[in-house]
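The values are calculated or read from the model by the stated rules, or taken from the named source; none is laboratory data. These numbers were taken from a predicted model, which means no experiment stands behind them. With ideal geometry, Cβ positions are generated from the backbone for all residues, glycine too; neighbour counts draw on all protein chains shown. Note: areas computed on protein heavy atoms with side chains; ligands, DNA, RNA excluded. Shrake-Rupley method; radii C 1.70, N 1.55, O 1.52, S 1.80 Å.
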Amino acid sequence: MTETTPPRPTVAVIGGGYAGFKAAKALDDIADVTLVDPSDSFLHNVASWRALVEPEWVDRIFLPYDRLLHRGRFVQDRAVAVDGREVTLASGARLEPDYLILATGSSYPFPAKSDETRTTVAQARFRDAHQELRSAKRVLLVGAGPAGLELAGEIKSAFPDKHVTLVDAGPDILPGRFDQALRDELRAQLDKLGIELKLGSALDELPDVPPATAGPVSVTTASGERIDADIWYRCFGVTVRTDYLRGALADVRDDRGYVRVDDQLRVVGQDRVFAIGDVSTADVKMAGMASGQAELVAGNLRTLITGEGQTTAYVAPGPMILVPLGPDGGAGMLPWIEGVAGPEAASEIKGRGMLVDTYSAQFDAPPASERA
Ligand SMILES: Cc1cc2nc3c(=O)[nH]c(=O)nc-3n(C[C@H](O)[C@H](O)[C@H](O)COP(=O)(O)OP(=O)(O)OC[C@H]3O[C@@H](n4cnc5c(N)ncnc54)[C@H](O)[C@@H]3O)c2cc1C
């Protein structure tokens with residue numbers, strides 16, 4: 001009698017962003033993985049601002065899904081209804097995997113993230129956005145968190161003659177559990193770059209022209225100051241994407257829309273449905289955390305599938321960040337560097353290459369130097 005191999009369990013991963021692609025890839029050898037995303041390529045949005053100011057980067061930040069998985073399959077589609085482990089896609093196709101991972105992340109105004117499903121269309125929009133920025137002399141950035149700071153640094157590094165104003169209602173830059181020394185270092189560098197900061201006074205209203213589009217911008221702060229610009233960018237707000245939750249999953253969101261998870265990142269009340277990355281309540285909304293959560297869930301599923309080892313709980317790594325200000329500047333807080341990581345570290349670890357080669361390798365794509 002011949003022994004038959006038991007069928008491999010099925011895993012569906014909904015959303016191929018930083019969390020989803022990582023989980024899908026990590027399980028490719030042990031399960032029948034289906035990765036679903038509406039777009040034909042992963043957008044490495046950590047480098048979006050660089051591609052906005054330097055269009056030769058546009059081709060490098062889109063990484064096609066077609067070579068990500070060796071055994072599993074990529075399905076270009078969108079989940080429109082998910083109830084327990086039953087998934088309905090926009091095409092009408094249905095999935096009912098043994099394990100389901102929700103990783104649909106969040107949206108952010110273009111060009112930080114993109115909702116285009118075809119790479120060529122998204123890339124054309126990036127190039128158009130570059131032309132819009134080029135034509136503007138005065139740039140207004142609303143939001144002095146990491147996205148706003150990075151964009152300010154990118155614009156001033158690429159176009160030193162543009163006037164950049166960064167406004168925020170908060171009293172200081174970079175909210176969050178970061179050392180004040182980091183804010184001080186970043187502010188000193190912003191000052192040196194000639195970026196004008198207007199903190200501690202909210203705008204009465206957001207500009208009435210769309211963001212990232214050249215057009216006369218005129219706003220007033222609560223303290224009565226008027227700011228005029230030729231273009232503006234919205235650099236705040238994460239809009240979580242969970243509109244497909246139905247039935248057994250209809251009530252799993254907290255009051256901000258995030259999917260509530262337990263310490264192993266299982267959706268509350270579910271033993272085989274997980275939520276990772278920006279979509280979940282597990283941690284702060286960063287690609288690094290999304291990636292760590294994907295590794296945790298993939299490791300736990302491997303344990304459950306093989307019966308070897310023990311599952312573990314997610315432990316939030318604590319505050320860490322690296323904010324490049326252009327290719328050569330910036331600062332951060334990293335666990336392996338004592339005190340503030342300065343511009344050299346920011347440039348070497350992130351600012352110069354924007355981690356493009358790291359992500360290209362994951363997608364089996366050539367390094368940036370061999371592409372556009
Ligand atoms: C400009 C900018 C710079 C940033 N820089 C950094 C940084 O330097 N470091 C850092 O750690 N973090 C950074 N972040 C934050 C980081 O981008 C997010 O935390 C990260 O994208 C979260 O990954 P995710 O996989 O959870 O979600 P996402 O990256 O948002 O991916 C979700 C995926 O799900 C897909 N999807 C959505 N709805 C559906 C559906 N219904 N069906 C199927 N698929 C769906 C989307 O197409 C998308 O591909 C930055 C964010 C921005 C905007």
Item to check | For Lys113, solvent-accessible area (1.4 Å; no DNA, RNA or ligand), Å² | outcome: 50
Next on the checklist: What figure, in Å² to the nearest 10, do you get for the accessible area of Ile349 with a 1.4 Å probe and non-protein molecules left out?
Outcome noted: 70
Checklist entry - Between Asp184 and Glu225, what is the spin-label point distance in nm, taking each point 7 Å from the Cα along the Cα→C-beta axis? => result 2.3
Item to check | Taking the chain and dividing mean pair separation by its residue count, relative contact order in percent (alpha carbons under 8 Å, at least six apart) | outcome: 19
Checklist entry - Round to a whole number: what % of the accessible area of segment 186-237 belongs to carbon and sulfur, probe 1.4 Å? => result 48
Checklist entry - For the residue pair Thr5 and Asp128, what label-to-label distance in nm results when each label sits 7 Å from Cα along the Cα-to-beta-carbon direction? => result 4.8
Checklist entry - How large is the dipole of segment 43-185 about the Cα centre if only Lys and Arg carry +1 and Asp and Glu carry -1, each at its Cβ, rounded to the nearest 20 debye? => result 360
Item to check | Charged-residue dipole, Cβ positions (Lys, Arg, Asp, Glu), segment 298-353 about Cα centre, Debye nearest 20 | outcome: 200
Checklist outcome for this item: Any residue on another chain or 5+ positions along whose placed amide H is under 5 Å from the amide H of Phe42 is listed here as Leu63, Tyr65
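Segment 175-282: which chymotrypsin sites (Phe, Trp or Tyr not before Pro) are DSSP loop and have at most 11 other beta-carbon atoms within 10 angstrom?
none
Please list Leu95, Leu68, Leu206 in order of solvent-accessible area, largest first, computed with a 1.4 Å probe with all protein chains present.
Accessible-area ranking of Leu95, Leu68, Leu206, largest first: Leu206, Leu95, Leu68.
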Checklist outcome for this item: Residue-ordered couplings for segment 79-96, obtained by feeding phi - 60° into the Karplus form 6.51 cos²θ - 1.76 cosθ + 1.60 and rounding to whole Hz (Gly and Pro as x), are 6, 10, 8, 10, 10, x, 9, 8, 10, 10, 9, 4, 6, x, 5, 10, 10, 9
Checklist outcome for this item: Placing each pseudo-label 7 Å from Cα in the direction of the beta carbon, Arg73 and Val238 end up separated by a distance in nanometres of 3.3
Checklist outcome for this item: Heavy-atom accessible area with a 1.4 angstrom probe orders Thr303, Thr213, most exposed first, as Thr213, Thr303
Checklist outcome for this item: 1/(1 + (r/R0)^6) with r = Cβ-Cβ of Ser218 and Thr306, R0 = 51 Å, i.e. FRET efficiency to nearest 0.05, evaluates to 0.25
Next on the checklist: With +1 on the Cβ of every Lys and Arg and -1 on the Cβ of every Asp and Glu, and nothing else charged, how large is the dipole of the chain about its Cα centre, in debye rounded to the nearest 20?
Outcome noted: 380
Item to check | Ellipticity estimate at 222 nm from DSSP helix runs (n ≥ 4, -39,500 (n - 2.57)) divided over the chain, nearest 500 | outcome: -7500 deg cm²/dmol
Item to check | For segment 144-260: accessible area per residue (Å², 1.4 Å) | outcome: 49
Checklist entry - Across 5 Å bins from 0, what is the distribution of all Cα-Cα pair distances for segment 80-221, in whole percents? => result 2, 8, 14, 16, 15, 13, 9, 8, 7, 6, 2, 0
Next on the checklist: Could you report the accessible area of Glu205 in Å², rounded to 10, computed with a 1.4 Å probe on the protein chains as they sit in the structure?
Outcome noted: 140
Next on the checklist: Could you put Arg60, Arg138, Arg73, Arg352 in order of accessible surface area, largest first, with the 1.4 Å probe and the full protein assembly present?
Outcome noted: Arg352, Arg73, Arg138, Arg60
Next on the checklist: If R₀ is 22 angstrom, what is the calculated FRET efficiency for the pair Glu86 and Val121, using the beta carbon separation as r and rounding to 0.05?
Outcome noted: 0.10
